[in-house]
Amino acid sequence: MEFDWTPEQLSFRATVRSFLAEHLPPNWETVAHGPASEVQSEFADVFCRKLAEAGLLVPHWPARWGGRDADAWTAFILAEEMWMAGEPRGGQYMNVNWIGPTLMRFGSEEQQQRYIPPMAGGATIWCQGFSEPEAGSDLASLRTRADRHGSNYRINGQKIWTSYAGYADTCFLLARTSPGKNGISIFLIPMETPGITVRQIPSVIGEGDIHEVFFDEVEVPGTAMLGAEGQAWEITRTALSLERVGIPRFALASLMLHRAVDRLKKAGRYGGGAIEQSARAHAACESARLYSYNIIDQRVRGIATGPEASAARVATVSAERLVGEFVVEHCPEALAGGEPMLQAHHQRAIVAGIASGAAEIQLNLIATELLKLPREPR
Amino acid sequence: MDFTLTSDQTALTDAIDRIAQQFDAKPTDFHGFALSGAALEHQLTEGEYFDIALIPEFGPLTAALAVERLARSAFAAEAALSMLVRPQLPGEWPRPVAVVESGRPGRFVATAKTLIVIDGERISLARPSPGDVEAVESLYAYPMGRLVGSPALTKLSAADAANVRKWMRVALAAEAAGLIQAAIDSTVEHLSIRKQFGRPLGTFQALRHRMAECAVLAGGVRLLARKAAFSGNDGDAALAALHAQDSGTRMAYEMHQMLGAMGMTLEHPLHLWTYRIKALLSELGGRGGQAQAVATHCFGKP
């Protein structure tokens, strides 16, 4: 057991930092509002192509798909640095983290050839059609239907809270092909397919993040299905396990905490309650960091991650919350135009306990799988 | 970054585990507060386990793992200060080691051969004579004692004092990690067996979520304590001790609430861990003291 970085890992982090220093514009922090704002999305499009050229978009992918077979630490160090910089990759982080790897594992040859190279080149954005108005945490109750018509499927239904849908080229869609939990299938659908309507939902998270997506008689070929009919649950579980410890939220939370403390010190306002609250928030950030590193260590060793990934999520939610509360109480000007990055962080932090499986779902998993408490009756 | 134990660490923790297992359960006829493990300490002394931090292939991290494990036993041994702080003291100082902070009663003070005396910023060491210390009855489930005499004090330099304070924080966090885990284990057992409204208490979501939150805190204390023991960094030590006291505060309340009236009895062992946790909450200035240390070491001087 040890907690140091290797020289190679330190050097890789330095490489990523100097790339960011070179390619982020001087006013980046003032434009980095809204994870999928127009300005950020347009920047991401150019930035990700440059990242790809520099070998920094998908280094952890197999060489066959444009990577260099680097390990999960490389991917996570990259993710930390990007997230701390306000995620200049925009929605492309999802391709890098889980959509690409999921397609490599479950996709047909045709799907892989069609979709993976543009991801590796930084030239495409995907969205994730999971949640529905009646199916959030209870994802298995989703209603969007995909009915077979000859060799095609006809899709009708509605998705909601879909991030990046306004800019996405392709949707990773969950739809029902028959009743029950095992009746859900995955379709890879170009967003330009006739019958798809996207409507942005104004949100506190920031511009352009969440959307409603309507599917009205959307006809797709059977070859758009990922894996077999009814295989969605198995595939999604794999994808979500990558997503659960995907965004290193603790890293930006910690950076913003330090920044808020610096502001307070400069203003002569750091003392008493602020000291206690900032210290507590810092401990929560470092706890979440170690929890997350533990999961990455398991990934590198090929150990299937269990409830520890849920614990890492809950620890991260707690860290985000404590940093957010600290900023609001002691540095309120941050949310009133005083510091764009602090404000952007505060906006994004609200997502921590909700996206990719609500924190309460994680608590249930921890209770059953980590503590071995008896299951609750259904 | 490597979260698996080395073969040396595994061998050592297995050996500690074999010893500790004999002392894990509370004797059924024991209905008191302080359950001290003289026989446990004897075995640890015989095996020379108190000096493992000084052995290069083990080091302080392995010592912290041992402290964590020993704290899960029902019998309390003075292990944390001996294993993690004593190796840092300048010169040869015998064990057991205890801390007298601002003249207050402290754990193991009545039997200590070395006292770490904290008076404000100043830290001194002393070898108390039997008449210098006396036992104190307390709720804390550790054998408590206080300093009543005036043994000769050897004042530590500012650098040594800071180093001792740091390792005391690591020791506190490692011990808290074990205590918190034992309290959780004991509570999970109760929630899995005790039925109300026709089903085990552990099936009720109101309790499950609180238990899961406590489990996350417990894991965080463990990880931060281990990291601090590995790095020997002032900031890491302050963060670990703060998270330990913060989590311990919540845990001591929550576990008793989960156990209901059973947790009020001296028959059930829960109090052995929760009241030991409570003994740690005031040490080194409590949460305010750790927060100040975090501010100094992690955020720079205010």
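The values are calculated or read from the model by the stated rules, or taken from the named source; none is laboratory data. Being a predicted model, the structure only gives us computed values, none of them experimental. Glycine also receives a Cβ, built like all others from the backbone with ideal geometry; neighbour counts cover every protein chain displayed.
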**Prompt:** Which condition number in (1) more than 10 Å from every other protein chain (Cβ to nearest Cβ); (2) part of a helix (DSSP H, G or I); (3) closer than 21 Å to A:ASP209 by Cα is the one that A:VAL317 fails?
**Reply:** (1)
**Asked** Which one of these is more than 9 Å from chain B (Cβ to nearest Cβ), over 24 Å from A:ALA358 (Cβ atoms) and either in contact with a helix residue (DSSP H, G or I) (Cβ under 7 Å, 6 or more places away or on another chain) or surrounded by fewer than 21 Cβ atoms within 10 Å (Cβ to Cβ) (or both): A:GLY306, A:GLY268?
**Response** A:GLY268
**Request:** Hey, could you check the stretch B:147-171 for residues that are crowded, with 17+ Cβ neighbours inside 10 Å and of a type in the set (Lys, Arg) and say which is nearest to B:ALA71 (Cα to Cα)?
**Result:** B:ARG169
**Request:** Go through the stretch A:1-88 and tell me which helices (runs of 4 or more DSSP H), entirely inside it, have 1 or more residues that are under 28 Å from A:GLU109 (Cα atoms) and of a type in the set (Phe, Trp, Tyr).
**Result:** A:72-84
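Which residue, of B:GLU68, B:GLU121, B:GLU57, is within 14 Å of chain A (Cβ to nearest Cβ), more than 18 Å from the chain's Cα centre (by Cα) and either at pLDDT below 95 or buried (at least 23 other Cβ atoms within 10 Å of the Cβ) (or both)? Don't jump to the end; show me each part of the working.
Details: B:GLU68 fails: more than 18 Å from the chain's Cα centre (by Cα); B:GLU121 fails: within 14 Å of chain A (Cβ to nearest Cβ).
Exactly one of B:GLU68, B:GLU121, B:GLU57 is within 14 Å of chain A (Cβ to nearest Cβ), more than 18 Å from the chain's Cα centre (by Cα) and either at pLDDT below 95 or buried (at least 23 other Cβ atoms within 10 Å of the Cβ) (or both), namely B:GLU57.
Select from the stretch B:73-93 the residues that are within 20 Å of B:ALA141 (Cα to Cα) and either aliphatic (A, V, I, L, M) or surrounded by fewer than 21 Cβ atoms within 10 Å (Cβ to Cβ) (or both) and list them in ascending order.
B:ALA74, B:ALA76, B:ALA77, B:ALA79, B:ALA80, B:LEU81
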**Message:** For the stretch B:203-215, give me each residue that is within 7 Å of chain A (Cβ to nearest Cβ) and either among the small types (Gly, Ala, Ser) or closer than 20 Å to B:ASP2 by Cα (or both).
**Reply:** B:ALA212, B:ALA215
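The rows are residues; the columns are (1) in contact with a helix residue (DSSP H, G or I) (Cβ under 7 Å, 6 or more places away or on another chain); (2) under 28 Å from B:VAL294 (Cβ atoms); (3) part of a strand (DSSP E or B); (4) of a type outside the set (A, V, I, L, M).
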| site | (1), (2), (3), (4) |
| --- | --- |
| B:ILE123 | yes, yes, yes, no |
| B:ALA135 | yes, no, yes, no |
| B:SER150 | no, no, no, yes |
| B:LYS166 | yes, yes, no, yes |
| B:LEU172 | yes, yes, no, no |
**Residue under evaluation A:VAL220, criteria (1) under 19 Å from the mean Cα position of the chain (by Cα); (2) farther than 30 Å from A:ILE275 by Cβ, criterion not met** = (1)
**Fill in**
Of (1) among the small types (Gly, Ala, Ser); (2) within 19 Å of the chain's Cα centre (by Cα); (3) within 13 Å of chain A (Cβ to nearest Cβ), B:ALA20 satisfies every one except (3)
**Prompt:** Which members of the stretch A:197-247 meet the condition of being in contact with an Asp or Glu (Cβ under 8 Å, 6 or more places away or on another chain), surrounded by fewer than 21 Cβ atoms within 10 Å (Cβ to Cβ) and in contact (Cβ under 8 Å) with a residue 60 or more places away in the chain?
**Reply:** A:GLU207, A:THR223, A:GLY227
**Request:** Any chance you could count how many residues in the stretch A:326-366 are assigned to a helix (DSSP H, G or I) and within 14 Å of chain B (Cβ to nearest Cβ)?
**Result:** 10
**Asked** Within the stretch A:367-378, which residues are among the acidic types (Asp, Glu) and more than 7 Å from every other protein chain (Cβ to nearest Cβ)?
**Response** A:GLU369
